[in-house]
Amino acid sequence: MNVLGIETSCDETAAAVVSEGRIVRSSVVSSQVHLHARYGGVVPEIAGRAHVERIVPAIREAMAEAGLGRPDAVAATYGPGLVGSLLVGLSAAKGLAMAWDVPFVGVNHLEGHLFAPVIEEPDLEWPLVVLLVSGGHTLLVEAAAPGRYRLLGQTLDDAAGEAFDKVARYLGLGYPGGPAIDRAAEEGDPAAFRFPRAMLDGSYDFSFSGLKTAVVRAVERHPSAATSDVAAAFQEAVVDVLVTKAARAVRARGAKGLCLGGGVAANSLLRRRAPQAVDVPTYLPSMAMCTDNAAMVAAAGSFRLAHDGPSPLSLAADPNLFLEVVA
Ligand code: KG4
Ligand code: ZN
């Protein structure tokens, strides 16, 4: 069973072919990051237009690389994300499914991220706690098995990646902010500032807007502070909160593993700290599997197709789709 996956929820135009639910035969990601860099964030209008230009070449490349003339099904992200971006991939997927006369299946982007470890880790042991941290989302999820999730907590304000992007912009480190802060922090002293940790005791929810404000106040008070020190202390505070809550969830839920996912899972401090904080295996996806890609969409689509069957061709894009809780 070969599934063509298509992902256009934000600023990556991606297509991939996955066999048997987890064997990646091709994975093409065409990043638009340089188109948005000068604006310091993703511009929806530009993203939608760029997806239109790139989607057919990305699909052609993924199919050619997999050596396929026709897949057995087409999966595409239908939410959450930018509506003008989602519509490009979703419409392409429906059109191709009709032309090839194969099933179409809509995929929740968040569930896609949860399938990244399924692709990369043959020996996953369930239940898992998954920390999904990206530019748009910060979720702590308990996964009893593929497709069975319980949302433990989420952000009350900014997503973790958004906090990285906003602080990086404030510090003049450019876009995207996560990698820029990660790099700057290598030279900095994380103890130079002690930024607040919003632990929200007793809850698995997160809040990062107070931390962002604390960074601005500290820089106003110490204008000559080294940017690398501010970056290191900020990163330390974010990672401290993420790791503390994830480790607490692993213990409380009796999880057999901790998985990281989403773009912020590429953060080098988070990747170092998470395994130290738990005594169960920690699954760290490769950089390519942390960030948006279509292989995870094809894998989640394969699962959904087997589990629920095809989606109707009338399936609409849903910019605010959340992770359905099926415990
Ligand atoms: O998952 P992703 O590619 O797209 C979304 O669905 O949002 O995540 C992108 C986010 C951006 O906010 C980016 O700054 C952040 O992931 N990011 C990082 C790192 N690499 C990417 N954050 C912290 N450290 C990194 N090394
Ligand atoms: Zn994502």
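At-a-glance table
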read-out: Estimated FRET transfer efficiency (GLU65, ALA327; beta-carbon r; R0 35 Å; 0.05); value: 0.40
read-out: Debye, to nearest 20: dipole size of the chain, +1 on Lys, Arg Cβ, -1 on Asp, Glu Cβ; value: 300 debye
read-out: Net lengthening on full extension, VAL56/LEU156 (0.36 nm per residue, minus Cα-Cα); value: 32.3 nm
read-out: Rounded FRET efficiency, nearest 0.05, which uses the C-beta distance separating TRP100 from GLU45 and R0 of 30 Å; value: 0.45
read-out: Under the span-like rule (Cα at least 30 Å along the axis, Kyte-Doolittle mean at least -0.5), DSSP H helices of the chain; value: 44-66, 227-253
read-out: Only Lys, Arg (+1) and Asp, Glu (-1) charged, at Cβ; the stretch 45-155 dipole about Cα centre in debye; value: 420 debye
read-out: Extension gain, ALA306 back to SER91 (0.36 nm per residue minus Cα-Cα distance, nm); value: 75.2 nm
read-out: Long-range HN-HN contacts of TYR283 with modeled amide H, under 5 Å; value: LEU258, CYS259, LEU260
read-out: Portion, in percent, of the accessible area of the chain that falls on carbon or sulfur, probe 1.4 Å; value: 53 percent
read-out: Centre separation in Å (Cα based) which lies between the stretch 212-257 and the stretch 258-327; value: 23 Å
read-out: Lys, Arg +1 and Asp, Glu -1 on Cβ, resulting dipole of the stretch 126-280 about Cα centre, debye, nearest 20; value: 460 debye
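The values are calculated or read from the model by the stated rules, or taken from the named source; none is laboratory data. For clarity, every value in this text was computed on a predicted model and none was experimentally measured. As a convention, Cβ positions derive from the backbone with ideal geometry for all residues, glycine included, and neighbour counts pool all protein chains shown. Quick note on the areas: whole protein, heavy atoms, side chains included, nothing else; ligands and nucleic acids left out. Shrake-Rupley method; radii C 1.70, N 1.55, O 1.52, S 1.80 Å.
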